Number of protein chains: 2
Amino acid sequence: MAAMKLFSKTIENIEKVSIDSDGSIKDRFNKLAIPTGSLGRLEEFATIYASIKGSSDATIRHKVVFTMAGDHGVSSEGVSAFPQEVTRQMVKNFLDGGATISVLARHAGARVVVVDCGVKADFEPVHGLKIKKVGYGTDNIARGPAMSREQAIKSLETGIEAFDEELLNGIDIVATGDMGIANTTPSSAIIACLTGADLSKVTGRGTGLDDKGVERKTNVIKTALSVNKPDPSDPIDVLSKVGGFEIGGIAGLCLAAARHRTPVLIDGFISTAAALIACAIEPKVNDYLISAHTSTENGHKIALEKLQKNPILNLDLRLGEGTGAVLAMSLIEAGVKTFTQMTTFSEAGVSTPRVEK
Amino acid sequence: MAAMKLFSKTIENIEKVSIDSDGSIKDRFNKLAIPTGSLGRLEEFATIYASIKGSSDATIRHKVVFTMAGDHGVSSEGVSAFPQEVTRQMVKNFLDGGATISVLARHAGARVVVVDCGVKADFEPVHGLKIKKVGYGTDNIARGPAMSREQAIKSLETGIEAFDEELLNGIDIVATGDMGIANTTPSSAIIACLTGADLSKVTGRGTGLDDKGVERKTNVIKTALSVNKPDPSDPIDVLSKVGGFEIGGIAGLCLAAARHRTPVLIDGFISTAAALIACAIEPKVNDYLISAHTSTENGHKIALEKLQKNPILNLDLRLGEGTGAVLAMSLIEAGVKTFTQMTTFSEAGVSTPRVEK
């Protein structure tokens, strides 16, 4: 019950973002010693960031990527190219610093927080890992619901708790990440459910299925949707019927970040599915979300269109972990730095345009 | 004459790049604890970088952006929204650290080297500035050639000398940048000449012309091409007739970087025009060039197609200075770090795929 309170209290306290409410951000950009608008999306990034923060001192000090991990009962249906134990092994790899997210987070100057939302294995408590296990993997969605409704709310709270705890160490901006063998399967189910798109348009190769594998996976999702009948108007029902513990965790992270007026870089396919759930729970969350990149996973663009997001990068990534999100985070930071560190025409003694547009 | 020797010696010593000649780069990526190909273009970036360096130790230590500055006689034709004195003022702003390139280079951990290739003003010698003036601005291309053929070669050598000198301070990767009021005008002329594209397709708003301004600019370029008749088969003729000192400088920088097996991030419209000249002088240079971003300037895509480059970023930038190039440089570095810092399946104890593609 205390837990349920955390969830309700978080969503009740999410405010809408008013973009550059007093025009002061635009005004500053127009005074910088550059042609008007020539910074392109860097100006957009700074505007979003400063509007969310509601502060003209928008310096970014603490960057955090949360990599949320969970296992999926549906992996027994052969929907992934990798065996289930890889979830556990990769969590260890994240903590040892040799994974892609470890390398790219160091490059971006972000700290990595790994959250066990429901891996089918026990971990020793170590620095950088938060154990918030809702269960030892979800149940097989091809046979019944992934989890109970209570567990779905608990999974959302893994993300809320992780964020709230880390706030003590400082968080200015967040990147989402995921690890969970077979988790493109529940993500496709969620996206089909919440966008209304045809399943074939939102089901892809994941970590490397061949055509036959994709066909099998599509059939498994079809079965999962017909067995569970998730209610598209009830995002928690969707999460519990065809979701995953780490997907709930990422959705919860989005809720908590929004509640604390913190911008969130949404990573790829799985994170975007989670973002759809968060926005369906509380539409105001969308104001805090920035799409990091376009994944090559089939259907990612459909999910992004539903969120009305224009991704920053297109590097043909399809790895998850938060990898695209930390790369894009660095570009947000670049935009914010143009806002805070550049000199104006008058400060720099630079002449203004002679031809007015 | 010593100068002419520097130019010839540089181009004679440029070698072709063989991409991953022994397959060892691909082999390493296939062993990393990720699904095959899931790093997308990051793998491509590391492959290009390591192939150019010809070394499996591909660590990037020294990142340098060269911002080449020069003035243009054609600015008297009203082809730019800004007055000519802004070139000088912006050089000062670069050196004072308040310009966009100053901010973004700090963000990327790159050092900025400003080169005066031909600004119409004298500068005090200060740290970070190389004075290699070929002239006090080019002549007005609407009336005659921008410069003599000898000056064109000298302008190429400003870039070669700047690179060669900085090599002593360490250079692992280079970003190009430009500053020169009115320099989209000669760039459009060069691109039209070397790609054969219609002038209207490669002439744009520059720093902010309105439709009438673009029409005037297009007519000025048309006049410049008919007055000077640059020979498309002779890139030095094109540079001398309708180019610019800083454009020659950037082209020379590309030649010198290639000669020293150093990857070059090509910035936007002006840098791409310069890259076309460098590649026309010596086609092998193209192996060392990476397109950083797509500028919004009309015709940039046509120039990139001629170079057969797929730009990394698309952030609607149109600023020059090297701003897009340093942002993309950081992504090249990210790719290289995945190559050098990640652990393999066996090192990390991660199971390999159970389903073969």
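The values are calculated or read from the model by the stated rules, or taken from the named source; none is laboratory data. Quick caveat: nothing in here was measured; it's all calculated off a predicted structure. Backbone-built Cβ (ideal geometry, glycine too); neighbour counts: all protein chains shown. We work out accessible area using only protein heavy atoms, side chains counted, and drop any ligands, DNA or RNA first. Shrake-Rupley method; radii C 1.70, N 1.55, O 1.52, S 1.80 Å.
Take every pair of alpha-carbon atoms less than 8 Å apart whose residues are at least six positions apart; their mean separation over the length of chain A yields a relative contact order of 25 percent. For the pair region A:209-223 / region A:277-340, the C-alpha centres are spaced 27 Å from each other.
Annotation: A:Ser330 carries an accessible surface of approximately 20 Å², with a 1.4 Å probe and no ligand, DNA or RNA atoms counted. The same position B:Ser18 in the other copies lies at 6.5 nm from this copy, comparing label points 7 Å beyond Cα toward the beta-carbon, shortest first. Rolling a 1.4 Å probe across all protein chains gives B:Lys229 an accessible area of roughly 140 Å². A:Tyr136 contributes an accessible area of around 120 Å² to the protein surface, as traced by a 1.4 Å probe with all chains present. At 20 °C and 1.002 mPa s, grab the translational diffusion coefficient of region B:92-200 from Stokes-Einstein with a Kirkwood Rh over Cα pairs, rounded to a whole number in µm² per second. Answer, rounded: 136 µm²/s.
Each part gets one Cα centre, and for region A:124-173 versus region B:50-95 those centres are 48 Å apart. Semi-axis lengths, largest first, of the ellipsoid equivalent to region B:225-357 are 36, 16, 14 Å, with √(5λ) applied to each eigenvalue of the Cα gyration tensor. A loss of 30 Å² or more of accessible area (1.4 Å probe, protein heavy atoms, ligands and nucleic acids excluded) relative to the isolated chain is seen in these residues of region B:81-106: B:Ala81, B:Phe82, B:Pro83, B:Gln89, B:Met90, B:Asn93, B:Gly98, B:Thr100, B:Val103, B:Leu104. Placing a label point 7 Å from the Cα of B:Glu347 along the Cα-to-Cβ line, the residues of region A:72-107 whose backbone N sits under 17 Å from it are A:90-107. Histogrammed with a bin width of 5 Å, the alpha carbon distances of region B:1-63 distribute as 3, 14, 20, 17, 14, 10, 8, 6, 3, 2, 1, 0 percent, first bin at zero.
Helix content alone sets the calculated 222 nm mean residue ellipticity of the protein assembly as shown: runs of n ≥ 4 DSSP H residues at -39500 (n - 2.57) each, divided across all residues, give -14500 deg cm²/dmol. Longer than 20 Å from Cα to Cα, which of A:Lys201/A:Lys309; A:Lys92/A:Lys132; A:Lys9/A:Lys284; A:Lys63/B:Lys26 are they? Say none if no pair is. Over 20 Å apart, Cα to Cα: A:Lys63/B:Lys26. Taking all protein chains into account, the per residue accessible area for chain A stands at 35 Å² (1.4 Å probe). Once the Cβ-Cβ distance of A:His127 and A:Lys201 is raised to the sixth power relative to R0 = 51 Å, the FRET efficiency obtained is 0.75. For chain B, a Gaussian network of Cα nodes joined below 10 Å ranks B:Leu265, B:Leu317, B:Leu253 by mean-square fluctuation, and the top entry is B:Leu317.
For region B:180-242, what does the relative contact order come out to in percent, with C-alpha contacts under 8 Å and a separation of six or more?
Dividing the mean separation by the residue count of region B:180-242 yields 34 percent.
Measuring heavy-atom accessible area with a 1.4 angstrom probe and counting protein chains only, the residues of region A:30-53 that give up at least 40 Å² relative to the chain alone are A:Pro35, A:Ser38, A:Arg41, A:Leu42. Overall size of the protein assembly as shown from C-alpha positions, given as principal axis extents largest first: 79, 59, 42 Å.
Placing a label point 7 Å from Cα along the Cα-to-Cβ direction at A:Phe123 gives distances to the equivalent points in the other copies of 5.0 nm, listed shortest first.
Chains B and A together bury roughly 5100 Å² of accessible surface, counting both sides and using a 1.4 Å probe on protein heavy atoms. In a reduced charge model with +1 at each Lys and Arg Cβ and -1 at each Asp and Glu Cβ, the protein assembly as shown shows a dipole moment near 420 debye about its Cα centre.
When the residues B:His300, B:His260 are ordered by accessible surface, computed with a 1.4 Å probe over the protein chains alone, the sequence from largest down reads B:His260, B:His300.
Extending 7 Å from the Cα toward the beta-carbon at both A:Glu215 and A:Asn310 defines two label points whose distance is 4.0 nm. Rounded to whole numbers, the Karplus 3J(HN,Hα) couplings from phi for region B:97-107 are x, x, 7, 4, 5, 4, 5, 6, 5, 4, 4 Hz, using 6.51 cos²θ - 1.76 cosθ + 1.60 with θ = phi - 60°, and x at Gly and Pro.
Cβ-Cβ distance of A:Ser8 and A:Glu165, R₀ of 22 Å, FRET efficiency by 1/(1 + (r/R0)^6): the value works out to about 0.70.
Each Cα pair under 8 Å and six or more residues apart adds its separation to the average, and for region B:51-173 the resulting relative contact order is 33 percent.
With label points set 7 Å from Cα along Cα→Cβ, the inter-copy distances at A:Glu150 are 9.1 nm, sorted shortest first. For the protein assembly as shown, the residue among A:Ala108, B:Val242, B:Ala58 whose Cα projects farthest onto the positive side of the dipole built from Cβ charges is B:Val242.
Distance from the A-onto-B rotation axis is smallest for the Cβ of the chain A residue given, in whole Å, as A:Ser330, 3. Within the accessible area of the protein assembly as shown, the carbon and sulfur atoms contribute 49%, probe 1.4 Å, all protein chains present.
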